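Undergrad: Mind looking over this structure? Questions follow.
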Amino acid sequence: MGKVVLAGIGATPIGEHWEKSLRDLMVEAALKALEDAGVEKNVVEAIFVGNMSSGYLQGQEHIGSLLATWLGIPGVAACKVEAACASGGAAFHNAFTAVKSGVYDCALALGVEKMTDAPTEYVTSALIMADDQEYTAFAGFSFVALNALVYKAYMEKYGARQEDIALFAVHDHEHAVHNPLAQYRRAVTLDAVLSSPLVADPIHLLECAPTGDGAAAALICSEEKARELGLTPEVEVAASTLATDVLSLHDRDDLTTLQATVRAAKKAYRMAGIGPEDVDIVELHDAFTILGVIHLEDLGFAKKGEGWKLVKEGEIEPGGKIPANLMGGLKARGHPVGATGLYEIYDVATQLLGRAGKNQVEGAEIGLAQNVGGVGGTVAVTILRRMR
Amino acid sequence: MSYMNSVPRAWRERVTKYRLIGGRCKSCGKVFYPYRSFCPRCGSSDVEKIELPKRGKIKYFTVVRSAPAEFKKYEPYIVALVELENGAVVPAQITDAEPEELREGMPVEGVLRRYREQGEDGIIEYGIKFRPVVGEE
């Protein structure tokens, strides 16, 4: 089987897009990806749309066909892919397997979420649907509350301090300043993070990814097709994997490791023929500060219980051991849930293509994106590699 | 909310939720809630259906200060993972207590309480909440 290459990427800014609908966002991101690739829309043979909550928040399902219709290419294969906040990564995985298998030569993976159509408590209701409606949502848990329990378990098990873990939010905001697509392009202090209101103890508001609207897309092709179209592909999809863990925390023996990350990463490293030490940059799914820390460990960049040290010692900055979330991460770039997996891939590709401006890591060759659904019920891992 | 307004949905869960029906895996020993045919740890089908004890301790708790729509009127309230005497872990609310009175490891006991309503005219969904056991500190 030949290589699968990234032909183009496109994304809308993340924010409160009052004037744009779900379909407007999808069409905009799709057109940007096609424009970036320099191809016509009729090269697209299949579309996989990652989205979590269009049915609940917009009363709209069947958005694969909706996008094909509004993009003016009815007839293509298209469907929605849902895996909570990992919907984007799962959509990309579907597109990757579709092209890698040879069934399609050219597929569009797109993620979209339009969260600001609904008041906060309804968004909160939508998000807890990522866990077990019948037992977890039933008991009144919010999604933040589940992560608060993970936070407590981690601090108890490893003796880590909140002021060290919360630095992840400061890091994200610092880098979002230079990302034109980021929702919050301003720095915050640790003091501001820790003095912001509690959402679910011990998690403060500024430790949580915000709600926002956005869509991001990646056009992927077989290398052969890309060359046939006259393109010069620069980035290869070296691995795309998906793994699960038991859906809910109450079924887990250990709350401080996301087994789905460990499993998806192991498969991805094997597929790409690399190890964690070969990764130059990473985009982590830090929906909450504690998750950023845990992901550094579960992806193999730090020992268990020591992920926070990488943050504190500057090892996730450019020039550090493993530069992470250099475009602002979920906290400051933003987290339109079903779109996030594609934004992470967009951000990794931006680095590998040398387009990251002031956030650029010089000579970045291999980048990894990790996208988490629920409290780790699903994890998608993508590894992109610069083609020489 | 339309997804919640279903009488049969609440009805079919009544035994599991009111009596805390769980499972014990005869292969790896895991005890879990709710009951299902396959063990969530090892995947074995050798699972025995059991009624879980109503006493245990708070494993971890937090305070929900920004709630889903159907719980909005109750905020702030306390949710927890409760570890029962036989090791099963149940997601539940803690009741009859203020957050500052609680700590992880505190003994609790189950009581039948109201959880949520299916809108103004719909049925009320009940389940087990846990309260601190007085005098067992």
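Undergrad: Might you report the magnitude of the Cβ-based charge dipole of region A:197-243 about its Cα centre, with Lys and Arg at +1 and Asp and Glu at -1, to the nearest 20 debye?
TA: In total the dipole reaches around 80 debye.
Undergrad: When only DSSP loop residues count, what trypsin sites (Lys or Arg not before Pro) in region A:259-303 have their Cβ near at most 15 other Cβ atoms within 10 Å?
TA: Answer by residue number: A:Lys303.
Undergrad: Pull out a ≥ b ≥ c, the square roots of the eigenvalues of the alpha-carbon gyration tensor of region B:13-137, then state rounded if a/c is under 1.5, prolate if not and a/b is larger than b/c, and oblate in the remaining case.
TA: Oblate, because a/c is 1.5 or more while a/b does not exceed b/c.
Undergrad: Related question: Please list the non-local residues whose amide H lies under 5 Å from the amide H of A:Ala78, H modeled 1.01 Å from N, same-chain partners needing a gap of 5 or more.
TA: For A:Ala78, whose amide H was placed from the backbone, the distant partners under 5 Å are A:Ile47.
Undergrad: Label 7 Å along Cα→Cβ of A:Gln133; region A:27-64 residues with amide nitrogen under 19 Å?
TA: A:51-63
Undergrad: Which peptide among A:249-260, A:343-354 comes first, and what is the full order, when sorted by highest mean count of other Cβ atoms within 10 Å? Don't skip to the end; give the middle numbers.
TA: On the way: A:249-260: 20.8, A:343-354: 25.5.
Peptide ranking by packing, descending: A:343-354, A:249-260.
Undergrad: Using 7 Å Cα-to-Cβ label points, what is the A:Glu234/A:Lys41 separation (nm, one decimal)?
TA: Label at A:Glu234, label at A:Lys41, 2.6 nm between them.
Undergrad: Quick one: Karplus J couplings for region B:93-101, per residue in order, coefficients 6.51, -1.76, 1.60, θ = phi - 60°, nearest Hz, x for Gly and Pro?
TA: Once θ is set to phi - 60°, the couplings for region B:93-101 become 8, 9, 10, 6, 7, 9, x, 6, 8 Hz.
Undergrad: Moving on. For chain B, compute the number of Lys pairs whose alpha carbons are separated by less than 25 Å, excluding pairs fewer than 8 positions apart on the same chain.
TA: For chain B, qualifying lysine pairs total 27.
Undergrad: Then there's this: Counting only other chains, and only Cβ atoms inside 10 Å, what mean value do you get across the residues of B:25-37?
TA: What the average comes to for B:25-37 is 1.
Undergrad: Fully extended, how many nm does the chain gain between A:Leu205 and A:Lys321 (0.36 nm per residue separation, minus their Cα-Cα distance)? Mind showing how you got there, number by number?
TA: Details: separation 116, 0.36 × 116 = 41.76 nm, distance 2.87 nm.
That works out to 38.9 nm of additional length.
Undergrad: Per residue of A:126-133, count partner chain C-beta atoms within 10 Å of its C-beta, then hand back the mean as an integer. Walk me through the intermediate numbers first.
TA: Working: counts 2, 1, 4, 2, 0, 1, 2, 3.
Mean shielding count: 2.
Undergrad: Go through region A:375-385 residue by residue and turn each phi into a ³J(HN,Hα) via Karplus (6.51, -1.76, 1.60, θ = phi - 60°); whole Hz please, and just put x for glycine and proline.
TA: 3J(HN,Hα) across region A:375-385, in whole Hz: 8, x, x, 9, 9, 10, 10, 10, 10, 10, 9.
Undergrad: Which Rg and Dmax, in Å, describe the Cα atoms of chain A?
TA: 19.1, 57
Undergrad: Please check region A:105-125 for residues whose accessible area, probe 1.4 Å, is lower by 20 Å² or more when all protein chains are in place than in their chain alone.
TA: A:Glu121, A:Tyr122, A:Thr124, A:Ser125
Undergrad: Here is a follow-up. Percent relative contact order of chain A, based on C-alpha pairs within less than 8 angstrom and at least six residues apart?
TA: Averaging sequence separation for qualifying contacts and normalising by length gives 26 percent for chain A.
Undergrad: Could you tell me whether region A:254-388 comes out rounded, prolate or oblate from its Cα gyration tensor? Rule is a ≥ b ≥ c as square roots of the eigenvalues, rounded for a/c under 1.5, then prolate if a/b exceeds b/c, otherwise oblate.
TA: Rounded.
Undergrad: Right, something else. What size of dipole, in debye to the nearest 20, comes out for region B:7-132 about its Cα centre when the only charges are +1 on Lys and Arg C-beta atoms and -1 on Asp and Glu C-beta atoms?
TA: 460 debye
Undergrad: A further question on this structure: Just add up the charged neighbours of A:Phe138: K/R +1, D/E -1, any other residue whose Cβ is under 11 Å from the Cβ of A:Phe138.
TA: -3
Undergrad: Under 29 Å between alpha carbons: how many lysine pairs meet that in region A:136-282, if sequence neighbours fewer than 8 apart on the same chain are excluded? Before the final figure, lay out each step's value.
TA: Values: A:Lys152/A:Lys266; A:Lys157/A:Lys266; A:Lys157/A:Lys267; A:Lys225/A:Lys267.
Total qualifying Lys-Lys pairs in region A:136-282 comes to 4.
Undergrad: Next up: Which net charge results for the neighbourhood of A:Phe96, defined as the other residues with beta-carbon distances under 15 angstrom from its beta-carbon, given Lys and Arg at +1 and Asp and Glu at -1?
TA: 0
Undergrad: If R0 is 51 Å, what FRET efficiency do you get for A:Ser101 and A:Glu313 from their C-beta distance, rounded to 0.05?
TA: Details: r = 43 Å, r/R0 = 0.84.
The value I calculate is 0.75.
Undergrad: So how do A:361-367, B:12-18 stack up, highest first, on mean other-Cβ count within 10 Å?
TA: By packing density, highest mean first, the sequence is A:361-367, B:12-18.
Undergrad: Rounded, prolate or oblate: which fits region B:72-127 when a ≥ b ≥ c are the square roots of the eigenvalues of the alpha-carbon gyration tensor, with rounded for a/c under 1.5 and prolate only if a/b beats b/c?
TA: Here region B:72-127 falls in the oblate category.
Undergrad: What does the structure give for B:56-64 when I average, per residue, the other chain Cβ atoms found within 10 Å of the residue Cβ?
TA: Other-chain Cβ atoms within 10 Å of each residue's Cβ, averaged: 6.
Undergrad: Hey, can you rank A:322-334, A:278-290 by average C-beta count inside 10 Å, highest first?
TA: Values: A:322-334: 28.5, A:278-290: 26.1.
With the highest mean Cβ count within 10 Å placed first, the list reads A:322-334, A:278-290.
Undergrad: Calculate the FRET efficiency for A:Trp70 and B:Ser6 from the Cβ-Cβ distance with a Förster distance of 35 Å, rounded to the nearest 0.05.
TA: For A:Trp70 and B:Ser6, the calculated efficiency is 0.60.
Undergrad: Once you have the Cα-Cα distance between B:Val111 and B:Arg41, take 0.36 nm times their residue separation minus that, and quote the gain in nm to one decimal.
TA: Numbers: separation 70, 0.36 × 70 = 25.20 nm, distance 2.82 nm.
Fully extending the segment from B:Val111 to B:Arg41 adds 22.4 nm.
Undergrad: Treating the beta-carbon of each Lys and Arg as +1 and of each Asp and Glu as -1, no other charges, what is the dipole magnitude of the protein assembly as shown about its Cα centre, to the nearest 20 debye?
TA: Values: 56 positive and 70 negative charges, 233 e Å.
In debye, rounded to 20, the protein assembly as shown gives about 1120.
Undergrad: Another question, then. Which residues in region B:1-36 place their backbone N less than 20 Å from a point set 7 Å from the Cα of B:Glu120 along the Cα-to-Cβ direction?
TA: Once the point is set 7 Å along Cα→Cβ of B:Glu120, B:1-7 turn out to lie under 20 Å by backbone N, inside region B:1-36.
Undergrad: Give the residue list of GluC sites (Glu not before Pro) in region A:1-107 that are DSSP loop and have at most 16 other beta-carbon atoms within 10 angstrom.
TA: Working: sites: A:Glu16, A:Glu19, A:Glu28, A:Glu35, A:Glu40, A:Glu45, A:Glu61, A:Glu82; in loops: A:Glu16, A:Glu19, A:Glu40, A:Glu45, A:Glu61, A:Glu82.
Listed in order of number, the matching sites are A:Glu16, A:Glu19, A:Glu40, A:Glu61.
Undergrad: Per the helix-only calculation at 222 nm, which mean residue ellipticity applies to chain B, given -39500 (n - 2.57) for every DSSP H run of n ≥ 4 and division by its residues, nearest 500 deg cm²/dmol? Show your work: numbers first, answer last.
TA: Details: 2 runs with 12 residues, N = 137.
Using -39500 (n - 2.57) per qualifying helix, the result is -2000 deg cm²/dmol.
Undergrad: Right, another one. Explain nothing, just the number: relative contact order of region A:111-234, from Cα pairs under 8 Å at least 6 residues apart, as a whole percent.
TA: RCO, region A:111-234: 28 percent.
Undergrad: Would you list which aspartates and glutamates come within 16 Å of A:Lys3, measuring only between C-alpha atoms, while excluding same-chain residues fewer than 8 positions from it?
TA: Hits, sequence-local ones excluded: A:Asp105, A:Glu223, A:Glu224, A:Glu228, A:Glu234, A:Glu236.
Undergrad: Among DSSP beta bridges whose residues both lie in chain A, state the antiparallel percentage, nearest 5.
TA: 70 percent
Undergrad: Another one. Run the numbers for A:Leu190 and A:Lys266: contour at 0.36 nm per residue of separation, minus the present Cα-Cα distance, in nm.
TA: 24.0 nm
Undergrad: Which of the listed residues, B:Pro8, B:Ile124, B:Pro68, is farthest toward the dipole's positive end in region B:7-132, when Lys, Arg count +1 and Asp, Glu count -1 at the beta-carbon?
TA: B:Pro8
Undergrad: Let me ask something additional. Helix-only mean residue ellipticity at 222 nm, chain A, DSSP H runs n ≥ 4 weighted -39,500 (n - 2.57), per residue, nearest 500. What is it?
TA: Rounded to the nearest 500, the figure is -10000 deg cm²/dmol.
Undergrad: Quick one: compute the contact order of region A:1-140, relative version, from alpha carbon pairs under 8 angstrom and 6+ residues apart, as a percent.
TA: That works out to 28 percent.
Undergrad: Could I ask something else about it? Excluding A:Arg270 itself, calculate the net charge of residues whose Cβ lies under 13 Å from the Cβ of A:Arg270, where each Lys or Arg counts +1 and each Asp or Glu counts -1. Kindly include the intermediate steps, with their values, before the conclusion.
TA: On the way: positive: A:Arg263, A:Lys266, A:Lys267; negative: A:Asp278.
Computed value for this residue: +2.
The values are calculated or read from the model by the stated rules, or taken from the named source; none is laboratory data. All figures in this text were calculated on a predicted structure; none of them were measured in a lab. In this analysis, Cβ positions are derived from the backbone assuming ideal geometry, glycine residues included, and neighbour counts consider all displayed protein chains. Accessible surface areas use protein heavy atoms only, side chains included; no ligands, DNA or RNA. Shrake-Rupley method; radii C 1.70, N 1.55, O 1.52, S 1.80 Å.
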